[in-house]
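Heads up, the thing below is written out as structure tokens.
Each reported figure results from applying straightforward, stated rules to the coordinates on display, with no laboratory input. These numbers come from a predicted model, not from an experiment. Here the Cβ is made from the backbone with ideal geometry for all residues, glycine too, and neighbour counts use every protein chain on show.
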Amino acid sequence: MRIFVTDQDGKTHECEGIEGWRVMEIIRDAGLPIKAECGGCASCATCHVYVDEDWLSKLYPPREDETDLLDTAPDVRDNSRLSCQILMSEELDGLKVTLAPGTEP
């Protein structure tokens, strides 16, 4: 499985996706610039990403705690999600996300 991550400089990286891993973990383990300060506990919004429009309908809707945290993140858009709340699966093979401003370490 693969995910494609566009960093804050506009460069796209192909990362190996692992079934059941959080997208945040995949991005972090690939060495890309993402804070992910809380480590995936949904308590900081420093793993904010923009999900490519073609993939939004394939994701579970965000829970209330995720939307509350996104309210604290800079430059939130309709396609904003916390990457720690997206679990990698076969259905998401090829997922495209862009790291949002304020997520760089």
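Filtered by the rule that a residue be touching a Cys at 6+ places or on another chain (Cβ under 6 Å) and not small (Gly, Ala, Ser), the range 54-105 gives Leu82, Cys84.
Where strands (runs of 3 or more DSSP E) sit wholly within the range 1-98, those with at least 3 residues that are touching a residue at least 12 places away in the same chain (Cβ under 8 Å) and touching a helix residue (DSSP H, G or I) at 6+ places or on another chain (Cβ under 8 Å) occupy 80-82.
Looking across the range 45-68, just one residue is under 13 Å from the mean Cα position of the chain (by Cα), among the acidic types (Asp, Glu) and within 10 Å of Lys96 (Cα to Cα), and that is Asp52.
Let's see how each residue does on (1) surrounded by fewer than 20 Cβ atoms within 10 Å (Cβ to Cβ); (2) under 14 Å from Pro105 (Cβ atoms); (3) small (Gly, Ala, Ser):
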| position | (1), (2), (3) |
| --- | --- |
| Ile27 | no, yes, no |
| Gly40 | yes, no, yes |
| Glu53 | yes, no, no |
| Leu69 | no, no, no |
| Val76 | yes, no, no |
| Arg81 | no, no, no |
